[in-house]
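The values are calculated or read from the model by the stated rules, or taken from the named source; none is laboratory data. Note that this is a predicted model, so its numbers are computed, not measured. Note that each Cβ is placed from the backbone with ideal geometry, even for glycine, and that neighbours are counted across all protein chains shown. Accessible surface areas use protein heavy atoms only, side chains included; no ligands, DNA or RNA. Shrake-Rupley method; radii C 1.70, N 1.55, O 1.52, S 1.80 Å.
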Amino acid sequence: MNRDNDKGKVLINRSLIMAATKAFLLLCIIGRLYYLQVYQADKFKMLADENRISTRLLIPQRGIIYDRNHRVLATNEQNFQALIVAEQAPNVQDTLDAFKKIMPLTEAEEERIRRDLKRNRSFVPIKVKDNLSWEEVAKIQLNASDLPGIIIDDGLNRAYPYGEKTAQVIGYVAAVSDGDVKDDSLLEVPGFKIGKSGIEKYLEHRLRGKGGILKMEVNAYGRVMKEIEEIEGVPGENVVLTLDARLQEKAYEAFGEQSGAAVLLDVDSGEILAFVSTPAFDPNDFTQGLSNEKWKALVENEKHPLINKAIQGQYSPGSVFKPIVALAGLESGVIKPETRFFCAGKMFLGNHPFHCWKHVGHGYLNVVEALMHSCDIFFYETALRGGIDKIAEVARRFGLGKAVGIGLENEKSGLIPDKAWKYRRFGEPWQLGESLISGIGQGYILVTPLQLATMTARIANGGYEVVPTFFPLSAEQKDNIKKISVNKEYLDLVKEGMFDVVNIPGGTAWRSQFDYQGHRMAGKTGSVQVRRITLKERQSGIIKQEDLPWKYRDHGIFIGYAPADNPKYAVAVLVEHGGGGSSAAAPIASKILLESLKLDPLGVIRKK
């Protein structure tokens, strides 16, 4: 009996334990459900919404680029695209074959379409062809019954109204590549384009804007069921540059078929009015997709249209460097305004002859006359007596040997050598003969056309340290431009010589002079050898540049400013293998300066 009671108690205890356990587990389940459904309700609602709602970025409109007079340099144009939705085409290949009968597709385009069709779901539109004209769109629409799955999309495409004439300044946009820094979710949007060169690249973040958001309800397969909300983005910022599109166009056209560069500055502010590198490329081709044939033609062109010669080309300045040598000689006291050297056509340093460009010589000349006639002997003597270190110091003061930093990519710094540089570079002392050839702007010296324009502006404005820029300066910024330490009397002598170069018979640029309403230009010619002249050629005294192959002809350079009596516009022109500064570069510079006076964006003529 007791045994039965004990068994009953054990069963009761076990039942109680099991009941308590079940009650505990039930309470845990209830607590967990309460926690999930009450405390975590917002979280799971959000997760459910994310599973139901698809968010897409909306591409903002890119900012427009204007010149100083609000002429459009880069804009957005309507872009019609033909797209294909695979699920709406019974047979995608049949549709594409029918499309090709209406509008041809290249092998590259077909390969891209096939690749995109494999990567994307069947309901995602795939680009077939873009940049369609209205006539082409109408043709597709007319044949719509034969093109199941083809739809027309209306978007925006970047356009450059001035084409190659502004290519090296404005640059272009193109699709995001693997090497680009992905600092914005917009860069992940298929087909999104960013600035790849020029101002488009430099001001990318200002021009790009901020993307909008489109929220859509989708089903389990990702198909869009309806739009829920659209949040507009912020359009890119519009930008106004200092360029004058009229002068830019005239400067580019002045080169014709020649290769080179030109930079036109406001001498008082450094604002860039024209910035040309020729030949160039059509940026619209890059935006729309460059064909292999066009790319090959650009790369293989011996005149290098892809190189921005105004900042990437480094050249010996030749005789346009002589104003710097004259200032260095005057400052160091090795020459005075009345100093005269005799030019017999050549001089000797030891047993080595150094020749003047005029093999019969110029006779006795002072510094003004030496600049006017571009006498090499005078500047050999000046450089020999003054030394390279003083020349280098003055050259750097006037903007040579240092990158300006205008915002365009791959700008070169050039080179202004001195004794310390020679020893660091070669471990050797400077030689007197190296000073002589530096006196006429050759040897180790290298400059860019932009630096030459800077130097010219600083001479023309009386020695103010203007810095070239594409962006308008405020009145306060103009007032704070520093004064260069330079003697006004010496600077006036150099400017007198540069006036005579153009306006006095016998001056090396006499044939390029003009007189516009009493306004003239001043300047300096330069010719730079790209090969060594043989003794036979030297003795004959006649070297016809036009008889030489193009790549063996001298570079032609000219620096100038106008009006000569009240300088406002400064220009530097370089013509690659043009044959000479007086014959090739001076006429182009004359056209540019004359046009600047006629158009007068700075109001020089109207104020008089």
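Points to keep in mind about this one:
- When you restrict to C-alpha pairs under 8 Å that are six or more residues apart and normalise by the size of region 245-599, the relative contact order lands at 22 percent.
- Paramagnetic reach from Val530 (point 7 Å along Cα→Cβ, amide N under 16 Å) across region 298-324: 300-310, 312-318
- Summed side-chain charge close to Glu428 - residues other than Glu428 whose Cβ falls under 12 Å, Lys, Arg +1, Asp, Glu -1: +3
- Farthest towards the positive end of the charge dipole of region 245-599, among the residues Leu452, Asn566, Leu599, is the Cα of Leu452, using unit charges on the Cβ of Lys, Arg, Asp and Glu.
- Value of relative contact order over the chain, rounded to a whole percent, pairs C-alpha under 8 Å and six or more apart: 13 percent
- Scanning residues 5 or more positions from Leu58 or on other chains, those with amide H under 5 Å from its amide H are Gly212, Ile213, Leu214, with H placed 1.01 Å from N in the peptide plane.
- Leu415 long-range amide H proximity, modeled H, under 5 Å: Gly401, Leu446, Val447
- Region 165-206 residues near the modelled Asp130 label - backbone nitrogen below 12 Å, point 7 Å along Cα→Cβ: 173-176, 189-194
- Region 139-206 - convex hull of alpha carbons, volume per residue in Å³: 144 Å³
- Cross-link pairs Lys495/Lys568; Lys303/Lys358; Lys129/Lys250; Lys182/Lys296 - those with Cα-Cα distance over 24 Å: Lys303/Lys358; Lys129/Lys250; Lys182/Lys296
- A straight chain from Asn238 to Tyr552 at 0.36 nm per residue would run longer than the Cα-Cα distance by 108.5 nm.
- Each peptide in 472-481, 593-602 was scored by the mean count of other Cβ atoms within 10 Å over its residues; highest first, the order is 593-602, 472-481.
- From the largest down, region 77-126 spans 27, 26, 19 angstrom on the principal axes of its Cα atoms.
- C-alpha long axis of helix 488-503 to longest principal axis of the chain, angle in °: 80 degrees
- The value for the chain of Rg(Cα) / (2.2 N^0.38 Å) is 1.42.
- Label zone at Ala403, where the point sits 7 Å out along the Cα-to-Cβ direction: region 428-457 residues whose backbone N lies under 20 Å: 445-455
- Hits among aspartates and glutamates - C-alpha to C-alpha of Lys488 under 14 Å, sequence gap 8 or more where chains match: Glu331, Glu496
- Rounded FRET efficiency, nearest 0.05, which uses the C-beta distance separating Arg424 from Asn76 and R0 of 35 Å: 0.10
- Spin-label pair Arg340/Ile213, simplified geometry with 7 Å Cα→Cβ offset, distance in nm: 8.4 nm
- Convex hull volume per residue in cubic angstrom - Cα atoms of region 245-599: 149 Å³
- What the Kirkwood sum gives for region 276-355 is a hydrodynamic radius of 17.5 Å, with every pair of different alpha carbons counted.
- When region 245-599 is described by a simple charge dipole with +1 on each Lys and Arg Cβ and -1 on each Asp and Glu Cβ, the residue from Asn308, Gly401, Leu349 located farthest towards its positive end is Leu349.
- Taken about its Cα centre, region 270-322 carries a charge dipole of roughly 240 debye when the Cβ of each Lys and Arg holds +1 and the Cβ of each Asp and Glu holds -1.
- Going by accessible surface with a 1.4 Å probe and the largest first, Tyr490, Tyr315, Tyr464 read Tyr464, Tyr490, Tyr315.
- Sum of side-chain charges, Asn292 neighbourhood, beta-carbon under 13 Å (Lys, Arg +1; Asp, Glu -1): -4
- A helix-only calculation puts the chain at -11000 deg cm²/dmol for mean residue ellipticity at 222 nm, using -39500 (n - 2.57) for each DSSP H run of at least four residues, averaged over all residues.
- Sorting the segments 80-92, 561-573 by their mean number of nearby beta carbons within 10 angstrom, highest to lowest, gives 561-573, 80-92.
- Projected area averaged over orientations for region 410-457, convex hull of C-alpha atoms, nm²: 4.1 nm²
- Summing charges over neighbours of Ile307, with a neighbour being any other residue whose Cβ is under 14 Å away from its Cβ, gives -3 when K and R count +1 and D and E count -1.
- Computed over protein heavy atoms with a 1.4 Å probe, the accessible surface of the chain works out to 50 Å² per residue.
- Compared with the dominant principal axis of the Cα atoms in the chain, helix 388-397 is inclined by about 50°.
- Here the label points at Ser15 and Asp153, each 7 Å from Cα along the C-beta direction, are separated by 7.3 nm in the simple model.
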